[in-house]
Each structure stands twice: as structure tokens, then as C-alpha cells.
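What follows is one structure encoded as C-alpha cells, with my remarks underneath.
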Amino acid sequence: MDREEAILRELNLYPLWKRRNGAAHSEVATPVVSAVEIAPLREMSVGQTGTPAVQVESLNWVELKQRVGACTACRLRAGCKQTVFGVGDEKADWLFVGEGPGADEDAQGEPFVGQAGKLLDSMLMSIKLKRGSNVYIANIVKCRPPGNRVPAADEIAQCLPYLQRQIELIQPKLIVALGKTAATALLGKEATLASLRGKVHHYQTIPLIVTYHPAYLLRSPLEKMKAWQDLNLATQLAAKFND
């Protein structure tokens, strides 16, 4: 068993794929970094979705948290127990963004605390990161959608300014979008997850990598190897942080 396989097994990022001839595919292919694709905000940007219910451009962390906690700008707030602001190092180099809170997150007020959260913690550990240390975790929407459905476009448009302000305050060096909803909202364009993976995108000037949402990986464990490849691509970019 090589080192990569041992790490993947220990962190629950296994199984490895099997070739049709029965041979194990034990090497993690490092994706080729294509030419940088710059994808500016378009569809979801505040200026192009009408006037948002809240203005947050000048708020500090304390004010922003208070504003989110009191927000009733869309229908999601009426159906959840509490808002889920985000958690972690407020000056982190790494920002991980998911779709929205689930039942566990709604109950505890923190993103990624259920089984998907445990898998995300394992994914962080696999690239020598951990929650709260140079990592910030947030979601596109701050309230749980009913039945964990995908947030509607108008719900995203109302909530996205909060995340945009968080990004301005954090000034991360790299963003990892977890799932299609997070990726398309941040990039401001509709696209398939498959077409977005394996490339370096940008949110404004910040490099952005797209991978699978941990909840999806729990349902589709054979895709974990692809997520591992995405994380390897992210670490290639992170290696340039201190260059």
C-alpha cells in the first residue's frame, strides 16, 4: 500500500477505482492546469439582480453577523430555526463555500457539522488543513431551504451579498466551491459541474477551484477520487501563496 492509498483509506476518501482488467488504479492523476479562465460575476451580482433587501458593503464582522441574524429578506428565514453565518479563521487563506445549511447545521448554527461535515473535515486533513486554522467555511445561503432543496435563484440573489461581504473581509487567497450551486453562484454563470472541474477559475481576482459537495460524495463514494484530484489542484495553487 503506497502513501497516497494509506492516506485515502485513513481519511475515508477511499475506495480507489478498479480498471476493467482488474488492476487497481492506485495513482492519483494530477490534473493539468489549463489556461486561467476568468469568469467575472454576472447573473448573480448585486448590481444586476436589482436592489438587494440589505446593503452590506460597509459592515464590519460584528455588524454583518447581526444583520444576517436578523435577516428576513427572503422566504427561507420563515422555515428555518436560525441563520448559519459561517465559521473559521476570519483572515484565512482558504475559503470553502457550500450550498446551504442542512438539518444539522440549522440545529447547531454552524456549517458542515453533520456527516457531510465529517467528510469535509477529512478532506481538509488530507491536504494538511483543519477547520478553524487558516480555513473559513461558509455557504451561498444562510438559511436552510425546506427539505434541503436547492436554493432558488431569487433566494441566492438576496443572500449572496452577505457572502460577498465576507469574502471582502476575509480576503482569501483561494476559494474552493463545493458543488454546482456554490460554483455557479460565485462565477455568475450556469454550467455543469463536470465542465467546471479541473480548471482554475476566478472570483474577481481570487483563484477558485470547483469540486464536489461532500453530501454528494456520501451518496456517490466512487467520485471521491475525483474530489481528491481537485484538492491536489487546489494545493498546487496554494503552494504559490508564499512564493
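What follows draws every value from the coordinates through simple rules; no lab data is involved. Fair warning: this is a prediction, and the values are worked out from it, not measured in the lab. Here the Cβ is made from the backbone with ideal geometry for all residues, glycine too, and neighbour counts use every protein chain on show.
Listing for the model above:
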{"read-out": "Cα centroid separation - segment 78-121 against segment 165-189, whole Å", "value": "14"}
{"read-out": "Environment charge at Val113 (Cβ cut-off 11 Å; Lys +1, Arg +1, Asp -1, Glu -1)", "value": "-3"}
{"read-out": "Whole-Hz ³J(HN,Hα) from phi, Karplus 6.51 cos²θ - 1.76 cosθ + 1.60, for segment 107-114, glycine and proline x", "value": "6, 9, x, 9, x, 6, 10, x"}
{"read-out": "Contact order relative to length of segment 34-238, as percent, for alpha carbon pairs under 8 angstrom and 6 or more apart", "value": "29"}
{"read-out": "Tensor-based shape of segment 34-238 (alpha-carbon gyration tensor, a/c under 1.5 rounded, otherwise prolate or oblate)", "value": "rounded"}
{"read-out": "Within-13-Å neighbourhood charge of Arg67 [Cβ basis; K, R +1; D, E -1]", "value": "+2"}
{"read-out": "Net charge contributed by nearby residues that have their C-beta within less than 15 Å of Pro145 (K/R +1, D/E -1)", "value": "+1"}
